[in-house]
Structures are given as C-alpha cells and as structure tokens.
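A quick write-up on the structure given underneath.
The values are calculated or read from the model by the stated rules, or taken from the named source; none is laboratory data. Values in this document were obtained by computation on a predicted structure and should not be read as measured data. Because the Cβ atoms are built from the backbone with ideal geometry, glycine has one as well, and the counts that use them run over all protein chains shown. Heavy atoms of the whole protein, side chains included, go into the accessibility calculation; ligands, DNA and RNA do not. Shrake-Rupley method; radii C 1.70, N 1.55, O 1.52, S 1.80 Å.
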Amino acid sequence: MDIQENYNKILSIDSDIKDNLSVLNYFAKQCDHITEMGVRAMFSSWAFLAGLKQGGTFIGIDIVHPKEYGIDIEKIKTECEKEGIKFNFVQGDTLEAEIEPTDMLFIDTIHTKTQLSKELKMHASRVRKFMAFHDTVSCPELCLIIDDFLHQNKNWRVVFIGNLSNGLIVIQNYKYANRTE
C-alpha cells in the first residue's frame, strides 16, 4: 500500500487521535519538513506523510520503537522513498534530541507540565510555521503550558482548537506566516 492508501486505512480505524487526523493532514500540506515527537503506532504519522509533497522530510522521535506496536519502519521508509519523501525514525528521548529546523512540530509525548515545558524550551526556536499538541482535553494541564508559551512568545497564535479525540491545539508562528519561499 502506498502512503495515501495507508492514510485512508488509518482514517477508518478507531483510535485516540482519529478525529484529528484530517486536521494534521491539512497543516502537513503547508509544510516541507515535519518533526513528530511521540509516534507510537504511527497513526498521526500517516496523516503527516500523506500531506507532505515530493521532496518533503518527516522525522519521527519516540522513546519506544514502533515495532513494539507491530509497525515495520523499513516498509514505511520504502514507501516514502517511492514517493520522494525523506523519512527517518529516531528512537530516543525528546529531551535529549536536537531537532533540525522544521516547519511543523507535533508533540504527543509524556503529558505532564514539566515534559511539555522542557520540550518547548528546547525545540520551539527550531520551528518555522506550526506546533501542534495532542491530548489537550484529556490532559488540560498542557493548555496551561501552551498559554504560558503564547504569552511569552507574541509571534505565536492559536489557529485551531479541537475537542474531539482527546483534543488538539495548533499554533502558528506569524513571523513566517506571510513569507513566500
């Protein structure tokens, strides 16, 4: 199955992020480089991959390897190569990783105020366009950290809030919003 077929298949599977996949895909279509922190079984990864154009880059980071969920990373890498997408999975701690500059950062890791605060402090300066956060309804303490980040970083604004599938917030860096590349 190619990337679009895998994405369509994922859309029909009940998951904790199902209702947010089309939103993530929408934002992915505006990006050339996406970094996902916390890939688990890669449901959201397929939404990002289906949105990326040829020549795009996807980097997934998780402390647990997706093979623990029955995912064959090599098959995904092969499908991405066929469609001209650079794919890389890094097994590791997001608090120890140094990410490349990226258009979109998706954070779905350990849902604590301390974890998200540290991830934002370490990685937000590397993000050009969007940051998205899952589980903002089921873990409302994350919203406090996002609000604090927005108050301290006036060039970032909320562009999407969703309450389905445990919640999703997407923020945009307006410093880059009107740039033509």
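Can you spot a residue in the range 151-160 that is in contact (Cβ under 8 Å) with a residue 60 or more places away in the chain, assigned to a loop (DSSP other than H, G, I, E, B) and surrounded by 14 or more Cβ atoms within 10 Å (Cβ to Cβ)?
First pass over the range 151-160, keeping only residues in contact (Cβ under 8 Å) with a residue 60 or more places away in the chain: 160.
The next check asks that each one be assigned to a loop (DSSP other than H, G, I, E, B); those that pass are none.
No, there is no match, as no residue in the range 151-160 is in contact (Cβ under 8 Å) with a residue 60 or more places away in the chain, assigned to a loop (DSSP other than H, G, I, E, B) and surrounded by 14 or more Cβ atoms within 10 Å (Cβ to Cβ).
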Legend entry - Count - residues of the range 38-66 that are surrounded by fewer than 24 Cβ atoms within 10 Å (Cβ to Cβ), within 10 Å of the chain's Cα centre (by Cα) and under 20 Å from Gly167 (Cβ atoms): 1
Inset, instruction - Any residue in the range 7-34 that's open to solvent by 70 Å² or more (accessible area, probe 1.4 Å): show its pairings with residues that are among the hydrophobic types (A, V, I, L, M, F, W, C) at Cβ separation under 6 Å, as long as the two are six or more apart or on different chains. - result: Asp19/Leu164
Inset, instruction - Go through (1) in contact (Cβ under 8 Å) with a residue 24 or more places away in the chain; (2) open to solvent by less than 70 Å² (accessible area, probe 1.4 Å) one by one and return the number of the condition Thr78 breaks. - result: (1)
Inset, instruction - Among the residues of the range 29-79, count how many are touching a Ser or Thr at 6+ places or on another chain (Cβ under 6 Å) and in a helix (DSSP H, G or I). - result: 1
